[in-house]
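Notes follow the structure.
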Amino acid sequence: MPVTVRDAAACTDVGRLRQSNEDALVLSDPVFAVADGMGGARAGEVASAMAVAALHGLDGGPDELVRALEDVNARIHQAARDDASLAGMGTTLTAAVIHGDEVAVAHVGDSRAYLWRDGRLRQVTDDHSLVAELIRRGALTPAEAERHPQRSVITRALGAEAGVEVDLVRLAPQAGDVLLLCSDGLTGMVGDDEIARILGAGEPLERAAQLLVQAANGAGGEDNVTAVLVRFGERDADDTEPERAAPLIVPAGALALAGGQAPAPAAAVRREGRRTVALLAAGLAALGIAVAVAVAIGLQWAHFVGATPDGRIAVYQGLPVEIAGDLTLYRPVVVSAIPAAALDAAERDALLDHRIRSRSGAEGRVTALAESSPWLAIPPMAP
Ligand code: CA
């Protein structure tokens, strides 16, 4: 029986110790990915954002996916050479593209892909890390590796060198399978048994993703933690248009910055949106219930392109209106890694026109910009 993506969800968090979230993720059927950036200042965020941006629009086979990783490796490497503030930046990338009845997983670094099937969890990627190499050579046991002081040292990363060797794994998913992509902030804190237990508990996927992140934070949360989950189901013969998860590309660190507080789980963005709209509707009750409802419906539909307080291009839901003090009629739903400062004045005026659009209309403008923007020239954001 052919299979299709039935459900997908993700959660990301800065963790308990780090100041910023350098993980990024893609949740955009047929592309799913996790990137874990590294480098000084904000360079890690730039590297992971460049990596996930390179996956946008992919829908071909494994060769196209591997080529995308090789190409962005060269771009990250060149950017790190051209700009001293980005020197040494790099990122892991574990990316899955669903192509027909096959899943191609391309992978560099120590972020992982797992396949959960019938209650069993199987790691499908090999870590490109020092301790994993030592285990493969028999010089270290897995138990010793867990406490090894150099367990975070990776042996392959996008951007580290001019060329990169990309691992490729091809999977044939079955109905009921769950694919997990995650950064080492999860697997460094939570054992495979616990991950399998959470995935096997029968929770909705969005909740399962949150529980994985909570488990990592409960165990210390020493690193940024990101989990992307994809559940497969049977595709019916008459299922000509399989259900697609809502497209969403989230440079996770940017999302955390936009929140300005505890970072929002990426997949909870829309649900929280409804709650915000409900609160706004209550606040507007003085205008009359009917007006408030009409405004709430309008706020839910309306989107515009703006810039976050820290200067990144973002799609906002609501109206570009501030009522008083902290009460606004808008909230960010997608925050790009593109700094508004990277645009010239004319581009900025054209993009940030605050015209009300549908969500897809507003996202389309940001996507078009991302595709045409000079990613290599993006400087790291000032804190
Ligand atoms: Ca990490």
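What is the calculated FRET efficiency for Ala143 to Asp236, with r their C-beta to C-beta distance and R₀ = 35 Å, to the nearest 0.05?
Numbers: r = 46 Å, r/R0 = 1.32.
Once rounded, the FRET efficiency stands at 0.15.
Hey, can you rank 71-79, 87-95 by average C-beta count inside 10 Å, highest first? Please report the intermediate quantities before stating the final value.
Details: 71-79: 20.1, 87-95: 26.1.
Ranked by mean Cβ neighbours within 10 Å, highest first: 87-95, 71-79.
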**Item:** Accessible surface, the stretch 3-258, averaged per residue in Å² (probe 1.4 Å)
**Value:** 40
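Under the √(5λ) rule applied to the eigenvalues of the Cα gyration tensor, what semi-axes describe the equivalent ellipsoid of the stretch 176-217? Give them in Å, descending. Don't jump to the answer; show the numbers that get you there.
Working: eigenvalues 50, 22, 19 Å².
For the stretch 176-217, the semi-axes come out at 16, 11, 10 Å.
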**Asked** What ranking do 193-204, 9-20 get when scored by the average of other Cβ atoms within 10 Å per residue, highest first?
**Response** 9-20, 193-204
**Message:** Given axes a ≥ b ≥ c from the Cα gyration tensor, I'd like to know whether the stretch 52-204 is rounded (a/c under 1.5), prolate (a/b larger than b/c) or oblate.
**Reply:** oblate
**Item:** For the stretch 222-229, 3J(HN,Hα) per residue [Karplus equation, 6.51 cos²θ - 1.76 cosθ + 1.60, θ = phi - 60°, Hz, x = Gly/Pro]
**Value:** 6, 9, 4, 9, 9, 9, 10, 10
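Expected output is a single nm value to one decimal: the length gained when fully extending between Gln150 and Asp63, i.e. 0.36 nm times separation in residues minus the C-alpha distance. What is it? Show your work: numbers first, answer last.
Details: separation 87, 0.36 × 87 = 31.32 nm, distance 3.31 nm.
Here the segment from Gln150 to Asp63 would lengthen by 28.0 nm.
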**Fill in**
Expressed as a percent, the accessible surface of the stretch 159-202 that is carbon or sulfur, using a 1.4 Å probe and the full set of protein chains, is 43
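Full extension from Ala350 to Met1: what is 0.36 nm times the residue separation minus their Cα-Cα distance, to one decimal in nm? Could the numbers behind the result be given before it?
On the way: separation 349, 0.36 × 349 = 125.64 nm, distance 4.89 nm.
That works out to 120.8 nm of additional length.
How big is the C-alpha Rg of the stretch 47-132 next to the rule-of-thumb value 2.2 N^0.38 Å, as a ratio? Mind dumping the intermediate values first?
On the way: Rg = 14.6 Å, N = 86, 2.2 N^0.38 = 12.0 Å.
Scaled against compact globular proteins, the figure is 1.22.
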**Asked** Cα centroid distance between the stretch 17-86 and the stretch 143-202, in Å?
**Response** 17
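The values are calculated or read from the model by the stated rules, or taken from the named source; none is laboratory data. Please read these numbers as outputs of a predicted model, since none were measured by experiment. As a convention, Cβ positions derive from the backbone with ideal geometry for all residues, glycine included, and neighbour counts pool all protein chains shown. SASA here: full protein model, heavy atoms, side chains in, ligands and nucleic acids out. Shrake-Rupley method; radii C 1.70, N 1.55, O 1.52, S 1.80 Å.
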